[in-house]
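To start, the structure under review is shown below, and the notes come after it.
The values are calculated or read from the model by the stated rules, or taken from the named source; none is laboratory data. None of these values were measured; they are calculated from a predicted model. Positions of Cβ are backbone-derived with ideal geometry, glycine not excepted, and every protein chain shown enters the neighbour counts.
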Amino acid sequence: MPKIDQFSRRTLLRALGLGSAVLPMLAVEREARSQVPAAKAALIIAWTNGWMSQTTATGWPAPGTSWTFKPFQAALEPHKADLLLLDNMNYRFVRDSTSPENTGHACFPGMLTGELFKAPGTSTSSTVAGGPSIDQYIGSSLVKAGYPGLPSLNLGVFVKSTGRLSWRAAGDAVVPATDPYKVFTQVFGGATPAPAGGMPDPAVTRARDMKKSILDNVIADLNRFSARVGSEDKAKIEAHLQSIRALETDLDRQMVTPTGKPPVLPAGVNTASTDAFEATTKMMIDISVAALAADATRVVVVQLGDQGDANVIFTTLGFKAAGKGDNTGDDNGFHNIAHANGADKDKVDAWFQTQLAYAISGMKTAGLLDRGVLLAMNSMRHGMHEFNNVPALLAGNAGGYFKTGRSLELPDNTPNNGILIALANALGVPTQSFGHAAYGGELSVLRG
């Protein structure tokens, strides 16, 4: 979004007493309201550096209904009946866009948008997406249809790069929240039950009204300022006003009070450190499942690392920081492990599969697999930069929309758009086209 120095989004958030990381979650200011019926929900988990290595110990399951997992995916074995495995997806937008590099590290801005890049940037950390991501599209559509909760919850673990996965619109990136303690407070800590008689808590109302008053004053100031500037600056001010009006809409939204048991987070975890990557991942998954189960939101994106993971050190797997040996980060960082493409990568890949199994188990326990779906995506097949023939995984049938218990090999050159469109339709947002229109419609084979 264009930014005017005197009235930047960050300045506005500071005036409201909030941090920039919680911008996607300002809608969490809410009053108690009666619980709506359980609805469909989606959890998207994404990471980089490939699903697997090129060693003989790995490989994607063969097509069919009675496949055998390689050891690195053993954790998924108990969930076979709930899985829909996809092979041979192609991130065509990288090839068809002007890109800073034609590698899997450039995929993040298109994985969930399915759109050509708006601008390549100077590196994969500055590439600009050409449209909204599916999480924002689904969430905003549900809100427009009357859903009172958060449009989406966008979370990240040790995200150090500015290469973004989620986008509100072309050029308007969503910055993931990376502190699970703050996310917990936003989603669960502020859920104040209504007092007897069903009236909203006066303290909640006062806090909301105070923030709205600040926003109203900012809008008035910007309108006065707009009358004194040229047409180019007017356009920038109007874009900023639209963003502020959206904040007011968020504050007005009376979100459903989360119900059910919030997750118990371990105390004192340094979630900003790579040493806590594994612990923070578990915390974010726990929050995601609980938020979906409580209908606090219906779409969650968890980004495990950034588009390179150059300095992610998996300490619980026995790796220790070795120091920066070249321009790709720590010698024992995940990026270099992926390029080595050997037994160490197999160990890390098995850990990622275990996280998927943990999320699936949590969703199953919460009753989310029958009414929801988990979508797992990676920006590569192996750790060698390729963005063709990439697998994806779905778990859960979203109320019978997806036919699980299958492993499918997709036709050559199948773009990711068909999966994104199917996700929107499964969650009750009728969609025929999403992202780059030339890439086609829904991948109907997902329905059986």
Matching residues, the stretch 323-360, being closer than 17 Å to MET377 by Cβ, crowded, with 20+ Cβ neighbours inside 10 Å and not β-branched (Val, Ile, Thr): PHE334, ALA338, ASP349, PHE352, GLN353, GLN355, LEU356, ALA359
Enumeration of residues in the stretch 68-96 that are touching a residue at least 60 places away in the same chain (Cβ under 8 Å), in contact with a helix residue (DSSP H, G or I) (Cβ under 8 Å, 6 or more places away or on another chain) and either part of a loop (DSSP other than H, G, I, E, B) or under 15 Å from SER407 (Cβ atoms) (or both): GLN73, LEU76, HIS79, ASP82, LEU83, LEU84, LEU86, MET89, TYR91
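Hey, could you check the stretch 157-171 for residues that are outside any loop (DSSP other than H, G, I, E, B) and either among the aromatic types (Phe, Trp, Tyr) or in contact with a strand residue (DSSP E or B) (Cβ under 9 Å, 6 or more places away or on another chain) (or both) and say which is nearest to SER141 (Cα to Cα)?
Ranking the candidates gives ARG168 first.
Which of the helices (runs of 4 or more DSSP H) contained wholly in the stretch 333-409 include at least 3 residues that are touching a helix residue (DSSP H, G or I) at 6+ places or on another chain (Cβ under 7 Å)?
Numbers: elements: 334-340, 343-365, 368-371.
Those helices (runs of 4 or more DSSP H) span 334-340, 343-365.
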Extreme residue, modelled with the highest pLDDT, among residues of the stretch 157-177 that are surrounded by fewer than 20 Cβ atoms within 10 Å (Cβ to Cβ) and closer than 19 Å to THR280 by Cα: VAL175
Search result, residues across the stretch 101-116 that are touching a Ser or Thr at 6+ places or on another chain (Cβ under 6 Å) and either at pLDDT 90 or above or not assigned by TED's automatic domain parsing to the domain that holds ASN389 (or both): HIS105, ALA106, CYS107, PRO109, LEU112, THR113, LEU116
Some residue of the stretch 155-163 being touching a residue at least 40 places away in the same chain (Cβ under 8 Å), in contact with a helix residue (DSSP H, G or I) (Cβ under 9 Å, 6 or more places away or on another chain) and more than 21 Å from ASN378 (Cβ to Cβ): no
Test for THR414: is it over 29 Å from ASN311 (Cβ atoms) and modelled with pLDDT of 95 or more: yes
